[in-house]
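Beneath this line is the structure, given in structure tokens, with notes to follow.
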Amino acid sequence: MLETPNPRPPAELSEAEAAEELTWLADTLAAHDIAYFQEDAPKVSDAEYDALKRRNAEIEALFPDLIRENSPSLKVGAAASAQFSPVEHGVPMLSLDNAFSDEEAVEFDARVRRFLRLDGETFAYTAEPKIDGLSASIRYEKGQLVRGATRGDGRVGEDVTANLRTIADIPHRLKGSGFPDVIEIRGEVYLEHAGFQALNDAAEAAGQRTYANPRNAAAGSLRQIDPKITAQRPLRFFAYAWGLTSEPFAETQWQALELLKAWGFQTTPQSRRVEGAQGLLDAYRDMEVERPKLGFDIDGVVYKVDRLDWQHRLGFVSRSPRWAIARKFPAEQARTVLNAIDLQVGRTGAVTPVARLAPVTVGGVVVENATLHNADEIARKDIRIGDTVIVQRAGDVIPQVVGPVLEARPAEAAPYDFPETCPCPLKTPLARETTASGAETVVRRCTGELACPFQRIEHLKHFVSRRAFDIEGLGEKQLQAFFDRGWIKEPADIFRLAKDQEKLDELRGTEGYGETSVANLIAGIEARRAIPLDRFIYGLGMRHIGETTSLALARNFETVEAFLAAARAAAAALEGEAHAQFVHLEGVGPTALEAILAWAEAPPRDLLVPDEASFDTRAKAAIPKLNRTAREALERRFHDWAAFERAARAAVEHRPGEAFRELEAVDGVGPVAARMIGTFFAEDHNNRTVENLLAELEVQPAERPKTDTAVAGKTIVFTGSLERMTRDEAKAQAEALGAKVSGSVSKKTDLVVAGPGAGSKLKTATDLGIEVISEDDWLKLVAG
Ligand code: IVH
């Protein structure tokens, strides 16, 4: 039989190892279930099967946060082979951004008002308890419950209609009237403490496994294949939101909550309507006090802008709404001993120190590893090996070491010396990273780049990760094994492997692999030969090029050929360091830089101030357009005037070329990302890697933006001040209609929307003969 990949006691597993093994156990047990229940042909003895299940339960008990949605422990007996059918949500179920402090809550309020241009005005929010359960979406048609689903990946959930029907808080028929013909009601399925306790007591008495916490118990109970079992669990439901609706039904969140109640749902009685930032803070304090008395778990407070028309204007940023935020309760802490400090090398060579701790339970989870962030943090907090330290966990974030307990410091504990070399076999020196403007950062980087095996494997891991190529059957463990064998050295090798009969045959004979797993691996790889452009770009793992930038690039260039042409052209037109140092200088924005370059380009002129005048006086006289922040930043950087003058002239010489500026002007890219792309494609090695990969792939053009609107496909520039909406809003609106928004006017611009105060961009537009309209014209245009 297959052996568990990790025969060590569960308590010795790191979180990553535990996660990996739970994945393996889920797959293996699922395969055994099929063999036993569907094929009547068990491959292992009952005792072996039970041992695997036990191992799964033991690991889950130590790492409850890692319990998988498809965990074998959540399945029951004979029905385990049945699956829930997928349900596509009418409107995706999104997540919320988090705030962890008063400052962040206040900033949320400021951000919302800034976006809406309501600076100075106070307005209303709802503050609702954030229930710690699992969310569900229930569709009603003409008031009748027709379908219920779990959140799933946000777009597609699982059909748990029969199970949701067993929950008394969920009406089968909406009460009263005034509800839309079709509405997806959203809320949280949860267990009260009492219900959770009773459930665990009964399980224990029956010799069955118990659940680690009410959230897991609720999830396990709802996802029962047999709804009769769900019916025996005391599940509850609070409604707090909605998805698809056939028509609007309320004007405010508060009114919507009242209606949900009138239609027969439970809503949280602790929810309040509050005003302004102070209201947000007060509501949080009150909720902290109420928390222990609630009888169910909450993990924070959700703030939502009350007016729905404003919610609509605010819209979404990637996967979370701009109009809501979750203010989380603070982390839980515990003390333990720091046994060692290991260095982890990331994909980009950044070295992160990791604390190896004597295992300790923090907020119900056993913690053995925690991040120490960077060398400076260790020095600042004076953390020493052997110290008793305070460990903290907040939500799903990686546990952190808060600091040492000085009273408990052993006499022999010595200050920690950060290693000078990478822990990889090459022992490359670690460099303290500096920014382009010369400032030191806290990051230490291994300079080995792709020669460093640690970085190379991290690159590959990134490549196959869920948000990049997402190759099923090729997890980190398998990847590492293939890497160690020398089979996979670069991304293209993954696709070559799927065709390499010799290696595949060898694999079939390898411990842990069989016909099925090899077939699955091949299928997983083949399924990704066709890949959307944004995932392809993201998968390359360029520094600073995350998902959002990748998507912006894909949307802009549409095809991989166009993207590569632009990226390579930018590589050839890269700015020199002399120019870059100004771009990255904090306090010197694009306008200031333009003024500096214009001055440096012009022939030297007498300043009419004495040579011994201060830097500031000379700067004011020479470049009147510089504001104080910029002048101070320059003085901090260059100290004396002559040095600045030399640097500015050099910057003129090393200005980026046209192609670079075009890439930089792509909406959502900007100078830093453009530089990273240019630098990446300036390397022969990287270009070869990309070519090798492309030979294996079919990169799909980016999804076309809307084409049936008045502005679809057009490139629009907004300039001057807008009076009826903010810049962000205008941009979001244009993009939703399929237009591209650019920050600078060029031959490629189709339309300029100019408000009062428009300056050089308006002039350029007029010179180039580009159509210019007012904000009012714009609103008319997009209204259709
Ligand atoms: S509103 C667009 N309200 O928190 C987001 N969510 O991190 C709509 N949650 O998936 C969600 N209590 O499972 C909302 N009063 C509440 C909530 C709540 C708990 C959960 C929900 C959601 C998650 C977001």
Original post:
Cα centroids of region 297-339 and region 620-693: how far apart, whole angstrom?
Top reply: 36 Å
Subject >> Estimated translational D of region 602-669 in µm²/s (Stokes, Kirkwood radius over Cα pairs; 37 °C; 0.692 mPa s) >> reply: 237 µm²/s
Original post:
Rg and Dmax of region 498-590, Cα atoms, in Å?
Top reply: 20.7, 62
Subject >> Spin-label model distance (nm) - Lys175 vs His685, 7 Å beyond Cα toward Cβ >> reply: 6.9 nm
Subject >> Spin-label model distance (nm) - Ala481 vs Thr617, 7 Å beyond Cα toward Cβ >> reply: 7.5 nm
**OP:** Would you mind listing how long region 550-619 runs along its three principal axes, going by Cα atoms, in whole Å with the largest first?
**Re:** 57, 24, 17
**OP:** Estimate the FRET efficiency between Ala31 and Ala643 by the formula 1/(1 + (r/R0)^6), using the beta-carbon distance for r and 60 Å for R0, to the nearest 0.05.
**Re:** 0.30
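Given the Cα atoms of region 613-746, and with Rh set as the inverse mean 1/r over their pairs in the Kirkwood sense, what is Rg to Rh to two decimals?
Value, to two decimals: 1.10.
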Original post:
Is the shape of region 148-194 best called rounded, prolate or oblate, per the rule: a/c under 1.5 gives rounded, else a/b larger than b/c gives prolate, else oblate, with a ≥ b ≥ c the square roots of the Cα gyration tensor eigenvalues?
Top reply: oblate
Subject >> Simple label model, 7 Å out from Cα along Cβ direction - Val317 to Thr516, nm >> reply: 4.5 nm
Subject >> Gain in span if fully extended, Gln333 to Ala61, counting 0.36 nm per residue against the direct Cα distance >> reply: 96.0 nm
Subject >> Stokes-Einstein D in µm²/s, Kirkwood radius over Cα pairs - the chain at 4 °C with 1.567 mPa s viscosity >> reply: 43 µm²/s
Original post:
Taking a probe of 1.4 angstrom, what is the accessible area of Met725 in Å², to the nearest 10?
Top reply: 10 Å²
Original post:
Hey, with R₀ at 41 Å, roughly what FRET efficiency would Asp97 and Lys489 work out to, going by the Cβ-Cβ distance, to 0.05?
Top reply: 0.60
Original post:
If you line up the long axis of helix 628-638 against the longest principal axis of the chain, both from Cα atoms, how many degrees apart are they, to the nearest 10?
Top reply: 90 degrees
Original post:
Between Ala198 and Ser746, what FRET efficiency comes out of the Förster formula 1/(1 + (r/R0)^6) with R0 = 56 Å and r the beta carbon distance, rounded to 0.05?
Top reply: 0.25
Original post:
region 446-500: percent of C-alpha pairs farther apart than 13 Å?
Top reply: 58 percent
Original post:
Quick one: Kirkwood hydrodynamic radius for region 197-337, alpha-carbon pairs, angstrom, one decimal?
Top reply: 18.3 Å
Original post:
In whole Å, what are the Cα extents of region 132-280 along the three principal axes, biggest one first?
Top reply: 52, 40, 29
**OP:** Run the 1.4 Å probe and let me know the accessible area of Glu577, rounded to the nearest 10 Å².
**Re:** 110 Å²
Original post:
If you count, for each residue, the other Cβ atoms within 10 Å and average over each peptide, how do 622-629, 414-421 line up from highest to lowest?
Top reply: 622-629, 414-421
Original post:
Given N residues in region 697-784, what is Rg(Cα) / (2.2 N^0.38 Å)?
Top reply: 1.13
Original post:
If you project the alpha carbons of region 512-559 onto the principal axes, what extent comes out on each, in Å, largest first?
Top reply: 43, 21, 11
Subject >> Rounded, prolate or oblate (a/c below 1.5 giving rounded, otherwise prolate when a/b exceeds b/c) for region 453-550 by Cα gyration tensor >> reply: prolate
**OP:** Would you tell me the accessible area of Lys293, worked out with a 1.4 angstrom probe on the heavy atoms of the protein chains, in Å² to the nearest 10?
**Re:** 150 Å²
Original post:
Considering the zone a paramagnetic label at Lys142 would reach in this model (a point 7 Å from Cα along the Cα-to-Cβ line), which residues of region 259-278 have amide N under 15 Å from it?
Top reply: none
Original post:
If you take all C-alpha pairs in region 744-784, what percent of them are over 10 Å apart?
Top reply: 70 percent
Original post:
In terms of the Cα gyration tensor, with a ≥ b ≥ c the square roots of its eigenvalues, is region 303-413 rounded because a/c is under 1.5, prolate because a/b exceeds b/c, or oblate?
Top reply: prolate
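Of the heavy-atom accessible surface of the chain (probe 1.4 angstrom), what whole percent is carbon and sulfur?
Solvent-exposed carbon and sulfur of the chain make up 50 percent of the total.
The values are calculated or read from the model by the stated rules, or taken from the named source; none is laboratory data. These numbers were taken from a predicted model, which means no experiment stands behind them. Because the Cβ atoms are built from the backbone with ideal geometry, glycine has one as well, and the counts that use them run over all protein chains shown. Heads up: the accessible areas ignore ligands, DNA and RNA and are worked out on the full protein's heavy atoms, side chains in. Shrake-Rupley method; radii C 1.70, N 1.55, O 1.52, S 1.80 Å.
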